[in-house]
Every structure is written in structure tokens, then in C-alpha cells.
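Shown next, in C-alpha cells, is the structure this report addresses.
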Amino acid sequence: MEKTAQINTYKDLIVYQKAKKLTVDIVKYFSTKQIGKTKEFLVSQLFRAVSSIGANLAEGFGRNYSRNFHQFVGISRGSAFEVEYWLEIILDVNEFEESKIKEFLDRNIEICKMLSGLMKNMKGGTTKY
């Protein structure tokens, strides 16, 4: 029988840790770039969306009720899909390092899959929270 890790706080969730790391890496990357007004809008939207992933996991966990947490996981998943959209637009604008933006996209897709799995497990009653 597979032993599951004890989740005492949202910080124990691997998906939260990955979302936080992606947020920090995106902020650090774009903070080093000269960005014009038009592209500043895109980056601002990306910052807002990527930071919402982990923030909603934290808020939902803090509500201390599994139904609320499931809802906030769904909101986090929606934010992750929004991040994908903004990264694709930024990639299409072709003003930033293509390999770096694709790396961010790949990491974000992994987060989307993890959030989908978490939602599925919660719906099936296999996640203890």
C-alpha cells in the first residue's frame, strides 16, 4: 500500500511549491528586461495570473473546509490556464528569449496537470483535506 505524505499546510503541497517557484522565476526573468508600455501590459497580466495560482491554494487551504479548498484549487487551475495564454502571447510577440518562455510554458503545463489531478482526487474522496 502506497504511503501518502501528510499535508499540514498548503506549503506541503508540491503543486504550491512549483507554482511559487514559477512565480519567482518569472518575476526575476522579466525584471531584468527593458519592457515598453505595450509589452508591460502583457507582463503585468502574466504576473497577476501566475501569482494567483499559489495565492489561491493558500487562501483555499486557509478556509479550512474541503469544499472551499476544492473551489480554490479550481480557481488556481483557471489562473494556470490564463498563464499559459499570456505566455503564448508573449512568445508570439517574439521579443523575449524563446527557450526561456517555452521553459515557463512547460513548467506551467505541469502545474495545470497537477491541479487537475488534485481536483480529481478531491472529487473522488482520495485526498484527505
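From the list Lys33, Lys39, Lys11, pick out the single residue that is buried (at least 16 other Cβ atoms within 10 Å of the Cβ) and of a type in the set (D, E, K, R). Even if it seems obvious, please write down each step before you answer.
Values: Lys33 fails: buried (at least 16 other Cβ atoms within 10 Å of the Cβ); Lys11 fails: buried (at least 16 other Cβ atoms within 10 Å of the Cβ).
Only one candidate qualifies: Lys39.
Can you report the number of residues in the stretch 75-101 which are of a type in the set (Lys, Arg) and over 24 Å from Leu13 (Cα atoms)?
At the first step, the residues of the stretch 75-101 found to be of a type in the set (Lys, Arg) are 77, 100.
Filter once more, keeping what is over 24 Å from Leu13 (Cα atoms): 100.
Of the residues in the stretch 75-101, 1 are of a type in the set (Lys, Arg) and over 24 Å from Leu13 (Cα atoms).
For the stretch 91-105, give me the residue count where each residue is within 17 Å of the chain's Cα centre (by Cα) and touching a residue at least 24 places away in the same chain (Cβ under 8 Å).
Of all residues in the stretch 91-105, those within 17 Å of the chain's Cα centre (by Cα) come to 100-105.
Among the residues that remain, those that are also touching a residue at least 24 places away in the same chain (Cβ under 8 Å) are: 100, 104.
Final tally of qualifying residues: 2.
Among the residues in the stretch 51-62, are any within 11 Å of the chain's Cα centre (by Cα), within 22 Å of Ser99 (Cα to Cα) and without any contact (Cβ under 8 Å) to a residue 40 or more places away in the chain? Full working, then the answer.
Within the stretch 51-62, the first condition is being within 11 Å of the chain's Cα centre (by Cα), and the residues that meet it are 51-57.
Restricting the remaining residues to those that are within 22 Å of Ser99 (Cα to Cα) gives 51.
Then keep just the ones that are without any contact (Cβ under 8 Å) to a residue 40 or more places away in the chain; that gives 51.
Looking through the stretch 51-62, at least one residue is within 11 Å of the chain's Cα centre (by Cα), within 22 Å of Ser99 (Cα to Cα) and without any contact (Cβ under 8 Å) to a residue 40 or more places away in the chain.
Could you identify the single residue in Ser116, Ser99 that is more than 18 Å from Ser44 (Cα to Cα), surrounded by 13 or more Cβ atoms within 10 Å (Cβ to Cβ) and modelled with pLDDT of 90 or more? First the steps, then the outcome.
Numbers: Ser99 fails: surrounded by 13 or more Cβ atoms within 10 Å (Cβ to Cβ).
Among Ser116, Ser99, only Ser116 is more than 18 Å from Ser44 (Cα to Cα), surrounded by 13 or more Cβ atoms within 10 Å (Cβ to Cβ) and modelled with pLDDT of 90 or more.
The values are calculated or read from the model by the stated rules, or taken from the named source; none is laboratory data. These numbers were taken from a predicted model, which means no experiment stands behind them. Ideal geometry is used to build each Cβ from the backbone, glycine not excepted, and the neighbour counts take in all protein chains shown.
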